[in-house]
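Trainee: Below is a structure I'd like to ask you about.
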Amino acid sequence: MIHKDAHVIGQPKIGDNTWIGMCCVIDGSGGLEIGSNCSIAAGAHIYTHDTVKKRVLGGVRETSPTKIGDNCYIGPHAVIRRGVTIGNNCVIGALSYVNKDVPDFTVVAGSPAKRIGYIADNEIIYGCL
C-alpha cells in the first residue's frame, strides 16, 4: 500500500504487505529495495542519489543502491541516505538521519542515527546495549 500523497521516483522493488505513508519520498532512481512487512511512516525520505558533489565540487549526480530488509519500521520524517543497507527486523526512530548501515535486529535513532537498542526474544529492548 502506497499512500496517495507519497512521491515515488523510478521503480523501487517493494515487498508484500509493506505500507508507505503520506508525504514520503521514495527514490528508486538509483536502485531501491524495500522488503516485505515494512511500515514507512509519514514524511520519511529514502534516497538512492544525491547531487552534493555536483553542486559543491562541479562533479556529477551520484547514485548508490539502498536496501531495507523485511519487517522494518521507519519512523516519521526519518531520512535514509543513498547507499545505506538496513537489515531485517529494524526500527528507525522518528526524525533520524541514517547515513550508515544498520545490522539486523537493531534500533537506531538520532541525527546521525546511533544504536539505542535491539530486538531479541520478540521484544524491543532500549538502552541496555
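The values are calculated or read from the model by the stated rules, or taken from the named source; none is laboratory data. None of the values given here were measured: they were computed from a predicted structure. Note that each Cβ is placed from the backbone with ideal geometry, even for glycine, and that neighbours are counted across all protein chains shown. Just the protein is used for accessible areas: all its heavy atoms, side chains included, with ligands, DNA and RNA removed. Shrake-Rupley method; radii C 1.70, N 1.55, O 1.52, S 1.80 Å.
Trainee: Could you check the range 18-28 and list, in sequence order, the residues that are touching a Cys at 6+ places or on another chain (Cβ under 9 Å) and either basic (Lys, Arg) or open to solvent by less than 80 Å² (accessible area, probe 1.4 Å) (or both)?
Mentor: Thr18, Ile20
Residues are listed down the side, and each one gets a yes or a no for (1) in contact with a helix residue (DSSP H, G or I) (Cβ under 6 Å, 6 or more places away or on another chain); (2) open to solvent by less than 80 Å² (accessible area, probe 1.4 Å); (3) within 15 Å of Asp70 (Cα to Cα):
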| site | (1), (2), (3) |
| --- | --- |
| Lys4 | no, no, no |
| Val8 | no, yes, no |
| Asp16 | no, no, yes |
| Gly30 | no, yes, no |
| Glu33 | no, no, yes |
| Asn37 | no, yes, yes |
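Trainee: Kindly check whether there is at least one residue in the range 43-61 that is more than 28 Å from Gly127 (Cβ to Cβ) and among the acidic types (Asp, Glu).
Mentor: yes
Trainee: Quick one: in the range 42-77, which of the residues that are of a type in the set (A, V, I, L, M, F, W, C) and over 18 Å from Val8 (Cβ atoms) is most open to solvent (accessible area, probe 1.4 Å)?
Mentor: Filtering the range 42-77 down to residues of a type in the set (A, V, I, L, M, F, W, C) leaves 42, 44, 46, 52, 56-57, 60, 68, 72, 74.
So of that shortlist, the ones also over 18 Å from Val8 (Cβ atoms) come out as 52, 56-57, 60.
Numbers: Val52: 88, Val56: 111, Leu57: 132, Val60: 104 Å².
That would be Leu57.
Trainee: Quick one: how many residues across the range 78-129 are buried (at least 17 other Cβ atoms within 10 Å of the Cβ), under 13 Å from the mean Cα position of the chain (by Cα) and among the hydrophobic types (A, V, I, L, M, F, W, C)?
Mentor: Counting residues in the range 78-129 that are buried (at least 17 other Cβ atoms within 10 Å of the Cβ), under 13 Å from the mean Cα position of the chain (by Cα) and among the hydrophobic types (A, V, I, L, M, F, W, C) gives 14.
Trainee: Would you check if there is a residue in the range 23-45 being β-branched (Val, Ile, Thr) and assigned to a loop (DSSP other than H, G, I, E, B)?
Mentor: Residues of the range 23-45 that are β-branched (Val, Ile, Thr), as a first pass: 25-26, 34, 40.
Then drop every residue that is not assigned to a loop (DSSP other than H, G, I, E, B), which leaves none.
Scanning the range 23-45, I find no residue that is β-branched (Val, Ile, Thr) and assigned to a loop (DSSP other than H, G, I, E, B), so the answer is no.
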